[in-house]
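Participant: Just passing along the structure, written as structure tokens.
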Amino acid sequence: MSLRGKVVIITGSSSGIGADAARHLAKLGAKVSIVGRNEKRVSEVVDQIKKSGAPTPLPIVTDVTKDAQRIIDETIEHFGRLDVLVNSAGAFGADSVAYFDVEKFDSILDTNVRSVIILTNLAVPHLEKTKGNIINVSSVCGLRPFDYMTSYCISKAGLDQFTKCSAIALAPKGIRVNSINPATIRTPIFEQIGINESNENQFYEDRKHEFLVDRVGEVSDTSSAIAYLASETFLTGVLLPIDGGLTCAGIRSELNRFTF
Ligand SMILES: NC(=O)c1ccc[n+]([C@@H]2O[C@H](COP(=O)([O-])OP(=O)(O)OC[C@H]3O[C@@H](n4cnc5c(N)ncnc54)[C@H](OP(=O)(O)O)[C@@H]3O)[C@@H](O)[C@H]2O)c1
């Protein structure tokens, strides 16, 4: 697979799923805009890509909820075109109807849905010229409920409807829109719910029994899916679970199973 010469914006590419996708797509020849709020982490990803010999990426240090226009403008000014928009920046958090914080809800929705809609709207004229595509990084939380992540589930379900509505609306312009919907992928996102160096091995060990494939996901799993969707595929309006079988079987350890 080659993405030689393709220009790709990846939000949330200073860490985790977005950072690995940036390294992977750059290795396939793409010119990538690296977007995040943390300047140091943005620079580290830019340096890693430069050192790998891939095309030099463009760092854009900004908040997706505040400065979508700058992300598009700087990319077009620097690279001259846009082929793929990957919306990976995301806010995460644990809550439920009984433990609800309206400010946190607003902040999760702002990052995971509102900013994606604004960025997509601004990207459309450029993607129309290249017959490009959009990949939203959603979650299995968009596909099924987890009561202890209520706001996050609502945000990803909303994002999934946006993916499908946009796929229909943008098809006449030649733009495809898809999402990946990962389950547990090993990234720093879980620091937000208290997972750190001291307890992460146990956390992932406990989680792996939830999946048919008996392991949690790695960023290589999401990067290969993003690269596939970014290439010339027949797919649009697809919500692709990257989930070790979770949406097929439910959480394995919760099943009342017979043993044969
Ligand atoms: N890891 C999983 O198990 C998992 C599963 C399903 C879905 N997801 C989704 O995957 C996406 C990436 O998560 P991850 O696991 O890679 O987490 P991560 O390692 O914590 O990365 C999150 C990224 O989002 C960026 N970000 C967050 N808010 C931002 C904002 N307002 N403006 C600009 N950038 C922002 C962060 O950059 P800065 O800190 O530099 O701003 C960082 O690069 C999220 O949408 C998440 O919901 C993750």
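Participant: Please list, ordered by first then second residue, the pairs with beta carbon atoms under 7 Å, 6 or more apart or interchain, first in region 150-161 and without any contact (Cβ under 8 Å) to a residue 12 or more places away in the chain, second open to solvent by less than 20 Å² (accessible area, probe 1.4 Å) and near the ligand (Cβ under 8 Å from one of its atoms).
Facilitator: Final answer for the pair search is none.
Participant: Could you check D206 against (1) among the charged types (D, E, K, R); (2) more than 15 Å from the ligand (Cβ to nearest atom); (3) open to solvent by 70 Å² or more (accessible area, probe 1.4 Å) and say which number it fails?
Facilitator: Among (1) among the charged types (D, E, K, R); (2) more than 15 Å from the ligand (Cβ to nearest atom); (3) open to solvent by 70 Å² or more (accessible area, probe 1.4 Å), the lone unmet condition for D206 is (2).
Participant: Assess whether F92 counts as being within 16 Å of the ligand (Cβ to nearest atom) and open to solvent by 20 Å² or more (accessible area, probe 1.4 Å).
Facilitator: yes
Participant: A follow-up question, please. Here's a check for you: in region 5-43, which residue that is open to solvent by 20 Å² or more (accessible area, probe 1.4 Å) and under 13 Å from V84 (Cβ atoms) is farthest from the chain's Cα centre (by Cα)?
Facilitator: G5
Participant: So which residues in region 133-149 are in a loop (DSSP other than H, G, I, E, B) and free of Cβ contacts under 8 Å to residues at least 60 places away in the same chain?
Facilitator: Scanning region 133-149 gives S139, P145, F146, D147, Y148.
Participant: Which residue pairs have Cβ atoms closer than 9 Å, lie 6 or more positions apart in sequence or on different chains, and pair a first residue in region 103-128 that is away from the ligand (no atom under 13 Å from the Cβ) with a second residue that is among the aromatic types (F, W, Y)?
Facilitator: Final answer for the pair search is I117/F162; T120/F162.
Participant: Being crowded, with 18+ Cβ neighbours inside 10 Å and either in contact (Cβ under 8 Å) with a residue 24 or more places away in the chain or among the polar types (S, T, N, Q) (or both) is the filter here; which residues of region 44-54 pass it?
Facilitator: Hits for region 44-54 are V45, I49, A54.
Participant: Now a separate question. Of the conditions (1) farther than 20 Å from T233 by Cβ; (2) hydrophobic (A, V, I, L, M, F, W, C); (3) open to solvent by 40 Å² or more (accessible area, probe 1.4 Å), M1 fails just one. Which one is it?
Facilitator: All conditions are met except number (1).
Participant: What's the number of the only condition in (1) within 19 Å of S2 (Cα to Cα); (2) touching a strand residue (DSSP E or B) at 6+ places or on another chain (Cβ under 9 Å) that I17 fails to meet?
Facilitator: (1)
Participant: Checking the conditions here, which among K156, K129 is of a type in the set (K, R), assigned to a helix (DSSP H, G or I) and surrounded by 18 or more Cβ atoms within 10 Å (Cβ to Cβ)?
Facilitator: Exactly one residue qualifies, and that residue is K156.
Participant: Answer with yes or no whether V61 is among the aliphatic types (A, V, I, L, M) and either under 19 Å from T187 (Cβ atoms) or buried (at least 19 other Cβ atoms within 10 Å of the Cβ) (or both).
Facilitator: Against the criterion (among the aliphatic types (A, V, I, L, M) and either under 19 Å from T187 (Cβ atoms) or buried (at least 19 other Cβ atoms within 10 Å of the Cβ) (or both)), V61 does not qualify.
Participant: Across region 168-190, what is the total count of residues that are under 17 Å from the mean Cα position of the chain (by Cα) and part of a helix (DSSP H, G or I)?
Facilitator: Counting residues in region 168-190 that are under 17 Å from the mean Cα position of the chain (by Cα) and part of a helix (DSSP H, G or I) gives 3.
Participant: A further question on this structure: Only residues that are surrounded by fewer than 17 Cβ atoms within 10 Å (Cβ to Cβ) and in contact with a helix residue (DSSP H, G or I) (Cβ under 7 Å, 6 or more places away or on another chain): list them for region 77-87, please.
Facilitator: Hit for region 77-87 is R81, nothing else.
The values are calculated or read from the model by the stated rules, or taken from the named source; none is laboratory data. Just so it is clear, the model here is predicted, and its values are computed rather than measured. With ideal geometry, Cβ positions are generated from the backbone for all residues, glycine too; neighbour counts draw on all protein chains shown. Please note that ligands, DNA and RNA were not included when accessible areas were found on the heavy atoms of the full protein model with its side chains. Shrake-Rupley method; radii C 1.70, N 1.55, O 1.52, S 1.80 Å.
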